[in-house]
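The values are calculated or read from the model by the stated rules, or taken from the named source; none is laboratory data. Predicted model, so just to flag it, every value in this text is computed and none were measured. Cβ sites come from the backbone with ideal geometry, for glycine too, and all protein chains shown count toward neighbours. When the accessible area is computed, the model is the full protein with side chains, heavy atoms only, and any ligands, DNA or RNA have been set aside. Shrake-Rupley method; radii C 1.70, N 1.55, O 1.52, S 1.80 Å.
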Amino acid sequence: MASGVGVSDDCVTAFNDLKLKHTMKYIIYKMNDKMTEINVLKKSEKEATYDEFLAQLPESECRYGVFDVEFTDPKTGGQRNKIVFYHWAPDVCKVREKMVYASSKDELKKRLVGVATEVQGSDKGDVELTVVVERVNRV
C-alpha cells in the first residue's frame, strides 16, 4: 500500500470469478471519491464485447480494468485467452488523480494473480484491440 490506497476484497473476488468461473468478460475498477480505496465499478456479462469495455473508459477520468482477451495464437493457429490489466489515464485528467492512480496500480495488480500483461492508455488508440492482441502475443 505504497500510496496509502487500499484494495477492497470485492476487487479480488470479482477477478477470481472472471478468471476461474468465466462468468464475465471484463471488470472496471475505480477509486472511491476520497481516493482511499479501489472498488469494483462494473462487472460485465460473459457475452460483452471489447467495444462495450472501451465505452466504460471515460475521456476525463482514470480507471483500472481487466479484460479476458480472446485471440488466435500465431504459432499454433488455436484460440487462446489471456487476462489483460488496463491502467487508463487520459491526458486531460487532473494531475493528482493520475499520480494517485499510477502509485496505486501495483497494489491492485499484485492482488490480481493471473494477469498476463498490462496495457497503459491515455487515449483510445493506446487500447485498440489490435494493439492489445499484438502485446499479448509477445507474452
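If a residue has to be open to solvent by 10 Å² or more (accessible area, probe 1.4 Å) and either touching a helix residue (DSSP H, G or I) at 6+ places or on another chain (Cβ under 9 Å) or of a type in the set (A, V, I, L, M) (or both) to count, how many in segment 76-87 make the cut? Spell out how you get there, then give the answer.
Initially, segment 76-87 is screened for residues open to solvent by 10 Å² or more (accessible area, probe 1.4 Å), giving 76-83, 87.
Still in the list and also either touching a helix residue (DSSP H, G or I) at 6+ places or on another chain (Cβ under 9 Å) or of a type in the set (A, V, I, L, M) (or both): 80, 82-83, 87.
Of the residues in segment 76-87, 4 are open to solvent by 10 Å² or more (accessible area, probe 1.4 Å) and either touching a helix residue (DSSP H, G or I) at 6+ places or on another chain (Cβ under 9 Å) or of a type in the set (A, V, I, L, M) (or both).
Those residues that are open to solvent by 60 Å² or more (accessible area, probe 1.4 Å) and of a type outside the set (Val, Ile, Thr), I need them from segment 57-75; list them, please.
Initial filter on segment 57-75 (open to solvent by 60 Å² or more (accessible area, probe 1.4 Å)): 59-61, 70, 72, 74-75.
Of everything in segment 57-75, those that are open to solvent by 60 Å² or more (accessible area, probe 1.4 Å) and of a type outside the set (Val, Ile, Thr) turn out to be Glu59, Ser60, Glu61, Glu70, Pro74, Lys75.
If we keep just the residues of segment 1-38 that are of a type in the set (A, V, I, L, M, F, W, C) and free of Cβ contacts under 8 Å to residues at least 60 places away in the same chain, which is nearest to Gln56 (Cα to Cα)? So that I can check it myself, show each step before the final result.
So the first thing to find is which residues in segment 1-38 are of a type in the set (A, V, I, L, M, F, W, C), and the list is 1-2, 5, 7, 11-12, 14-15, 18, 20, 24, 27-28, 31, 35, 38.
Going one step further and asking which of them are free of Cβ contacts under 8 Å to residues at least 60 places away in the same chain, we end up with 14, 20, 24, 27-28.
Numbers: Ala14: 17, Leu20: 23, Met24: 15, Ile27: 10, Ile28: 7 Å.
Here the answer is Ile28.
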I need every pair where a residue in segment 103-128 that is on the phi > 0 side of the Ramachandran plot has its Cβ under 8 Å from the Cβ of a residue that is open to solvent by less than 60 Å² (accessible area, probe 1.4 Å) and aliphatic (A, V, I, L, M), sequence separation at least 6 or different chains. Gly114/Ile83
